[in-house]
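Please treat every number below as a calculation from the coordinates, not as lab data. This is a predicted model, so every value here is computed, not measured. No Cβ is skipped: glycine too gets one built from the backbone with ideal geometry, and neighbour counts run over all protein chains shown.
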Amino acid sequence: MGGVREPNVIDLVTYDAATGEYALIMIEERPWTDSPEQLAQLSEKINNYAMFALDEGLLRAYPQSAGHPVRIQLDCTGVPTPRAQEYLDLTTGRLGDYRIRFVVNLLG
């Protein structure tokens with residue numbers, strides 16, 4: 001199943017030939033509510049994805065990813081609330097310090 005509600009699961013890993021990036025994709029199917037539980041799960045999921053990329057989990061699972069840039073992508077069906085967006089903006093900056101690009105992809 002995966003999704004943000006399961007922070008210890010890597011939902012999807014793909015190679016984006018257009019950008020040359022390995023994309024670690026997480027999915028949030030629930031509407032944004034700013035509930036403490038949802039924001040905590042999102043934070044834990046992003047941290048786990050970052051550790052997967054930085055601690056060579058990605059390289060071990062996908063040896064062909066060596067030398068490629070990494071993108072963490074949040075796929076969601078609705079626009080994040082202002083509070084969630086503020087957290088996502090901070091995340092973008094922090095991950096950028098590690099040369100990991102973070103993007104939010106609105107589905108549908």
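Annotations
- For segment 51-69, the set of residues classified as without any contact (Cβ under 8 Å) to a residue 40 or more places away in the chain, over 20 Å from G93 (Cβ atoms) and of a type in the set (A, V, I, L, M) consists of L59, A66, listed by residue number.
- Only one of the numbered conditions (1) assigned to a helix (DSSP H, G or I); (2) within 19 Å of R94 (Cβ to Cβ); (3) in contact (Cβ under 8 Å) with a residue 12 or more places away in the chain is violated by I72, and that is (1).
- Whenever a residue of segment 81-97 is farther than 21 Å from W32 by Cα, its partners that are not in a helix (DSSP H, G or I), lying with C-beta atoms within less than 8 angstrom and at least six residues away or across chains, give the pairs L95/I72; L95/R101; L95/F102; G96/F102.
- Members of segment 28-70 found to be farther than 20 Å from T14 by Cβ, of a type in the set (S, T, N, Q) and surrounded by fewer than 16 Cβ atoms within 10 Å (Cβ to Cβ), listed by number: T33, S35, S43, N47
- Odd one out for Q73 among (1) surrounded by 19 or more Cβ atoms within 10 Å (Cβ to Cβ); (2) within 20 Å of A18 (Cα to Cα); (3) touching a helix residue (DSSP H, G or I) at 6+ places or on another chain (Cβ under 8 Å): (3)
- Taking the criterion of being outside any strand (DSSP E or B) and either under 11 Å from the mean Cα position of the chain (by Cα) or surrounded by 16 or more Cβ atoms within 10 Å (Cβ to Cβ) (or both), the residues of segment 10-22 that qualify are I10, D11.
- The residues of segment 56-98 that are of a type outside the set (A, V, I, L, M, F, W, C) and touching a Pro at 6+ places or on another chain (Cβ under 7 Å) amount to a single one, G78.
- Qualifying residue in segment 43-64 (condition: part of a loop (DSSP other than H, G, I, E, B), touching a Ser or Thr at 6+ places or on another chain (Cβ under 9 Å) and on the phi < 0 side of the Ramachandran plot): no
- Matching residues in segment 86-97 - criterion: being loosely packed, with under 11 Cβ neighbours inside 10 Å and within 14 Å of V70 (Cα to Cα): D97
- Inter-residue pairs, beta-carbon under 6 Å, first farther than 12 Å from R83 by Cα and in segment 27-50, second among the basic types (K, R), 6+ apart: Q41/R5
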